[in-house]
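**Student:** Following this message is one structure expressed as structure tokens.
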Amino acid sequence: MPEKNKSIAIIGGGAAGFFAAITCAQQNPGLSVYLFEKTSKLLAKVKVSGGGRCNVTHHCFNPHQLIQYYPRGGKFLKTGFKKFGAEDTVNWFRERGVILKTEGDGRMFPVTDDSATIVNCLLNEAQKAGVKINTNTAVEEIIPVENGLAGFRLRLSGGQELAVNKVLVSTGGNPKPESYAWLKKLGHTILDPVPSLFTFNVPDSPLKELQGISVGQAKVKIAGHHLENEGPFLFTHWGFSGPAVLKLSAWSARTLHQLNYQFQVLINLAPAYSEDALRLQLADYRKQYPKRIVSGHPLFNLPQRLWKALTELAAIPEKVIWAELPAKNQNKLVEQLLRAPFQVKGKTTFKEEFVTCGGVDLNEIKPETMESKVLPNLYFAGEVMDIDGVTGGFNFQAAWTTGYLAGQAMAG
């Protein structure tokens, strides 16, 4: 086949697929680049991410630091982040007229605060580069010709077939193991997909009425395990959320799946204090303000309603002053502040975003090019691999990086 007629197929119309298609077509305009999306919706996750604002990436421009935000796949991504990291993403969009801004927590959004800005940018770039986009077209089977060395035949929904030289799979994460059967058939090992990034359901929580109240810093620990995370914490009507919980769910994804999402958490609402320091603080306060009503004046920067609820859990009567607070109740208050136990019974998907850990085993993929070590000319990008980041723009950054590397390699 003459060079200029070479064709590339990209399976999956999400962030990674689009980025790979654009990179590949721009790098080598002689190629025919086909993108197949089985639904009618392109870039669906990009559209809903960040509450419809699209959390494009994270302001972390050092590859060594960036890899710390990936419970799975960090080490694998190191090479890629050196070639195309968060700063490259910012520059890529800037060169195309899309300016990103950084929020206080490091998350980066388009200045328009509208995900349509990102979606339209990617659609325009794909169109300009001549990518042939096919919606409502599923690739049902990838048939290697001469073990991939002579390319592939793709069986499409509707019975058609297409011969291509190289294939990129960027179908995203899927919670159902059977969704990966067609890749298993090609000889790849699939690590069981399990959910990552979810909130905790605590149906019997005595703090249900505090929904909407947040704490700037709390430590959440899985009882009986060395799994804990610290960060902003949110009480919801179904249980607990906020970055502390979401990040813990990501790092503990496999363990919590094994526990069938039934476990005990210990919440520390004053993580800046050791137990001794906290007791000292309470003793000082008691000395300074002996006549103050305990439940009326929150300590440790906690919201008033939360403080009052904690004093109730410590069985401290409403009008008791510090001078008259019995030692056993003060001890109970210390327990509520440092390790309040709650029974988690189930999980809830975080907003519209679902993330899975699991997928194609990274040991079978070349980190420099995203090419399969099992089948030549087969490539992967995005969450179909066993890569997942915590919340904050990290999953998109992995999509841009792996899409870019695969696009570059396929164009070569």
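The values are calculated or read from the model by the stated rules, or taken from the named source; none is laboratory data. Fair warning: this is a prediction, and the values are worked out from it, not measured in the lab. All Cβ positions, even for glycine, are placed from backbone atoms using ideal geometry, and neighbour counts span all protein chains on display.
**Student:** Return yes or no: is I8 of a type in the set (A, V, I, L, M), over 24 Å from the mean Cα position of the chain (by Cα), surrounded by 21 or more Cβ atoms within 10 Å (Cβ to Cβ) and outside any loop (DSSP other than H, G, I, E, B)?
**Tutor:** On the way: of a type in the set (A, V, I, L, M): yes; over 24 Å from the mean Cα position of the chain (by Cα): yes; surrounded by 21 or more Cβ atoms within 10 Å (Cβ to Cβ): yes; outside any loop (DSSP other than H, G, I, E, B): yes.
For I8, the condition - of a type in the set (A, V, I, L, M), over 24 Å from the mean Cα position of the chain (by Cα), surrounded by 21 or more Cβ atoms within 10 Å (Cβ to Cβ) and outside any loop (DSSP other than H, G, I, E, B) - is met.
**Student:** Collect the residues in the range 167-179 that are out of contact with any strand residue (DSSP E or B) (no Cβ under 8 Å at 6 or more places or on another chain) and part of a loop (DSSP other than H, G, I, E, B), keeping them in residue-number order.
**Tutor:** Answer for the range 167-179, where residues must be out of contact with any strand residue (DSSP E or B) (no Cβ under 8 Å at 6 or more places or on another chain) and part of a loop (DSSP other than H, G, I, E, B): just G172.
**Student:** Report, by residue number, each residue of the range 101-142 that is among the polar types (S, T, N, Q) and either at pLDDT below 95 or farther than 30 Å from G216 by Cα (or both).
**Tutor:** Restricting attention to the range 101-142, the residues satisfying the condition of being among the polar types (S, T, N, Q) are 102, 112, 115, 117, 120, 124, 127, 134-137.
Of everything in the range 101-142, those that are among the polar types (S, T, N, Q) and either at pLDDT below 95 or farther than 30 Å from G216 by Cα (or both) turn out to be T117, N120, N124, Q127, N134, T135, N136, T137.
**Student:** While we're looking at this one, here's another question. Here are some residues: K101, K75. Which one is farther than 21 Å from A406 by Cβ and either not charged (D, E, K, R) or not assigned by TED's automatic domain parsing to the domain that holds W251 (or both)? Explain how you work it out, then say what you get.
**Tutor:** Values: K75 fails: farther than 21 Å from A406 by Cβ.
Exactly one residue qualifies, and that residue is K101.
**Student:** Which one of the conditions (1) over 26 Å from the mean Cα position of the chain (by Cα); (2) assigned by TED's automatic domain parsing to the domain that holds Q264; (3) of a type in the set (K, R) does R153 fail to meet, given that it meets all the rest?
**Tutor:** (2)
**Student:** Still on this model: Just for the range 19-32: of the residues that are touching a strand residue (DSSP E or B) at 6+ places or on another chain (Cβ under 7 Å) and under 14 Å from Y379 (Cα atoms), which one is surrounded by the most Cβ atoms within 10 Å (Cβ to Cβ)?
**Tutor:** Here is the first cut: in the range 19-32, the residues touching a strand residue (DSSP E or B) at 6+ places or on another chain (Cβ under 7 Å) are 20-21, 24-25, 31-32.
Next cut, under 14 Å from Y379 (Cα atoms) only: 20-21, 24.
Details: A20: 35, A21: 32, C24: 28.
Here the residue is A20.
**Student:** What number of residues in the range 317-340 are within 12 Å of L282 (Cβ to Cβ) and not in a helix (DSSP H, G or I)?
**Tutor:** Residues that pass the stated criteria total 1.
**Student:** Can you name the residue in the range 288-305 that is part of a loop (DSSP other than H, G, I, E, B) and touching a strand residue (DSSP E or B) at 6+ places or on another chain (Cβ under 8 Å) and, of all such residues, is nearest to Q336 (Cα to Cα)? Working first, answer last.
**Tutor:** Of the range 288-305, the ones part of a loop (DSSP other than H, G, I, E, B) are 289-292, 297-303.
Then keep just the ones that are touching a strand residue (DSSP E or B) at 6+ places or on another chain (Cβ under 8 Å); that gives 290-292, 301-303.
Values: P290: 21, K291: 23, R292: 20, N301: 15, L302: 13, P303: 15 Å.
The qualifying residue nearest to Q336 (Cα to Cα) is L302.
**Student:** Can you tell me which residue among E95, E3, E87 is modelled with pLDDT of 95 or more, more than 17 Å from F396 (Cα to Cα) and of a type in the set (D, E)?
**Tutor:** E95
**Student:** Follow-up. Could you look through the range 269-293, keep only residues that are of a type in the set (K, R) and in contact with a helix residue (DSSP H, G or I) (Cβ under 6 Å, 6 or more places away or on another chain), and pick out the one that is nearest to K221 (Cα to Cα)? Walk me through how you get there before you give the answer.
**Tutor:** If we filter the range 269-293 for residues that are of a type in the set (K, R), which is where we start, we get 279, 286-287, 291-292.
The next check asks that each one be in contact with a helix residue (DSSP H, G or I) (Cβ under 6 Å, 6 or more places away or on another chain); those that pass are 286, 292.
Working: R286: 29, R292: 32 Å.
In this case the residue turns out to be R286.
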